[in-house]
RNA sequence: GCCGACAUAGCGUAAUAGGUAGCGCAACUGACUUGUAAUCAGUAGGUUGGGAGUUCGAUUCUCUCUGUCGGCACCA
């Protein structure tokens with residue numbers, strides 16, 4: 001399927017369709033004022049000020065109908081170029097357009113596009129006639145802050161999408177439906193992986209036995225990788241004194257997003273939102289020589305953030321989550337090498353999980369935003385240039401994004417897209433010259449001088465919760481063998497005659513360390529097989545008289561219809577192989 | 001948090017122009033003893049998310065709270 005943003009024609013159609021929608025809205029709501037209507041990955045939208053009117057589902061249908069009418073009428077779309085002054089005069093009653101026009105320098109030529117009774121300020125380009133826009137659909141609507149600023153008025157945003165023909169449109173709409181099916185929240189419920197309950201609290205999902213198995217496997221997996229790379233794992237408390245976060249600076253930046261402080265015997269404590277300060281204190285616990293560095297402190301750490309209620313989303317974003325966190329304390333000379341090791345680890349892990357659809361972002365500070373970022377221009381220059389150099393040397397493709405850095409330093413983010421919703425960060429590696437200084441961390445260098453180390457903050461699986469959400473969506477719940485809560489489901493054909501044999505096989509597999517289920521209920525074979533497939537078990541063993549007689553086993557793999565009959569030895573080899581290759 | 005929509009049994013859903021709710025799957029009981037995607041019969045399960053109001057009567061209308069969903073804003 002063509003991607004709209006990558007396709008010139010489709011981009012133009014979608015943008016023109018935004019104008020078409022605006023015209024229809026203007027017909028139905030003569031007082032409507034329009035802000036901007038760009039093309040985006042999923043089609044187009046237009047931000048509209050409708051005064052006190054709010055859009056409903058029925059309105060969306062009405063607007064769509066009006067759009068069809070205008071399209072049928074088939075007016076040509078004309079481009080017109082006017083001066084900034086003419087534009088200011090023409091749109092003098094439209095504060096939104098004036099706002100846009102005033103951004104242009106004096107003497108700029110500004111273009112307008114007109115179709116029938118509707119004119120809009122626009123850079124273009126557009127299709128030649130509205131009759132080219134036939135296969136479109138308004139998909140959703142919501143509030144959206146003017147200029148993306150929560151302090152501003154909320155406008156109404158209507159989203160739509162336009163394709164060249166009906167098949168493409170239907171295919172796209174079908175994909176939207178399909179995406180809902182692999183939403184981790186649905187899979188998590190269907191397969192009994194996690195739950196949540198109002199009485200526990202929103203944004204606080206709980207892992208059921210099956211979910212905890214996955215969680216545990218992920219924990220063991222990443223800790224093993226890290227140990228091999230010289231990480232030392234620690235355990236630190238989920239609560240910390242407020243002073244700890246005042247020292248780090250997190251309190252100033254994030255107290256609004258932390259659970260409120262608990263006052264106990266004159267002291268204030270908070271649930272920790274991240275683990276950097278604890279790890280800094282662990283480093284500070286002993287004196288370090290340059291010979292000891294890098295020191296790599298890792299933790300599978302429980303964190304709590306008071307996320308805005310509207311931001312909560314299953315296990316992808318909750319108010320409790322578990323970070324695959326580590327802080328690497330390095331000398332300036334070691335920084336580059338250590339950063340490379342982190343990047344290598346990220347992509348090594350992605351290979352194991354078959355993650356290929358990701359985007360690397362070099363997240364930089366916004367130098368204009370004096371509030372958000374640690375005020376030390378020299379430090380930022382050094383950190384950002386250092387990070388950029390390393391990324392270039394590693395040959396990593398990335399885009400730079402301003403204003404995405406942490407308050408203490410720039411970072412490399414690896415972002416992915418979920419089934420439903422906005423892109424998020426899966427892995428991150430952050431360069432920090434700031435916190436080590438705030439905590440006055442030192443090591444003794446060759447020359448006997450005390451120096452401050454650089455810290456790399458990094459998370460590979462990000463949070464185990466979010467990573468699990470991602471894997472569930474990517475696999476549609478059909479997890480690879482090593483992660484599956486039930487790896488092998490055994491079904492005896494007839495309990496009376498084959499249960500003993502099945503038990504023998506069951507014991508052997510359990511002994512070998514597999515998670516096995518023996519389905520000895522009195523149900524029809526077909527019923528049990530169906531259920532085994534619905535539960536997405538990787539292997540379903542069917543054991544009947546044939547297998548008993550030949551002392552072998554028959555199995556079906558998930559997503560395959562044929563049955564394989566092999567000896568137990570062969571089956572063990574296959575299992576071993578899949579466990580080893582993590583397939 | 002903001003804008004909007006939604007909330008019916010464990011899950012998926014139906015219905016009521018206001019007269020206290022059906023169905024399927026799951027569960028439970030019994031029969032059947034099964035060879036590759038749903039055996040048959042029966043039983044139980046609901047203060048229709050919580051609270052308040054209007055009404056003779058509210059699951060249905062109104063308000064409010066809570067939660068969920070779609071976006072926006074936020075994301076150390």
Quiz item: Fewest to most neighbouring Cβ within 10 Å: what's the order for A:120, A:337?
Solution: A:337, A:120
Practice problem: Quick one: work out the % antiparallel among DSSP beta bridges in chain A, nearest 5. | Solution: 85 percent
Exercise. Just report the Cα centroid separation between the range A:285-303 and the range A:11-52, whole Å.
Key: 54 Å
Self-check item: Ranked packing of A:75-83, A:180-188, most packed first, by mean Cβ within 10 Å
Solution: A:180-188, A:75-83
Self-check item: Spacing of the two label points (7 Å from each Cα toward its C-beta) at residue A:569 and residue A:8, in nm
Solution: 6.5 nm
Self-check item: Dimensionless Rg ratio for chain A, taking C-alpha atoms and the 2.2 N^0.38 Å reference
Solution: 1.18
Quiz item: Over what distance in Å are the Cα centres of the range A:107-141 and the range A:348-397 separated?
Solution: 38 Å
Exercise. Sticking with the crude label model, points 7 Å out along Cα→Cβ, report the distance from residue A:219 to residue A:239 in nm, one decimal please.
Key: 2.1 nm
Practice problem: Compute the separation of the alpha-carbon centres of the range A:513-532 and the range A:223-277 and state it in Å as a whole number. | Solution: 46 Å
Quiz item: Can you put A:533, A:505, A:490 in order, fewest other beta carbons within 10 Å first?
Solution: A:533, A:505, A:490
Exercise. For a footprinting-style exposure proxy, rank A:435, A:155 by other Cβ within 10 Å, fewest first.
Key: A:155, A:435
Quiz item: Going highest first, how would you order A:537-544, A:339-346 by mean Cβ packing within 10 Å?
Solution: A:537-544, A:339-346
Quiz prompt | Linear extension gain, residue A:88 paired with residue A:106, 0.36 nm per residue minus alpha-carbon span | solution = 5.4 nm
Practice problem: Be a star and scan the range A:304-318 for residues whose amide nitrogen sits under 12 Å from the point 7 Å along the Cα-to-Cβ vector of residue A:256. | Solution: A:308
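Any read-out appearing in this document is the output of simple, stated calculations on the displayed coordinates, not a laboratory observation. These figures come from a predicted structure and were not determined experimentally. Ideal geometry is used to build each Cβ from the backbone, glycine not excepted, and the neighbour counts take in all protein chains shown.
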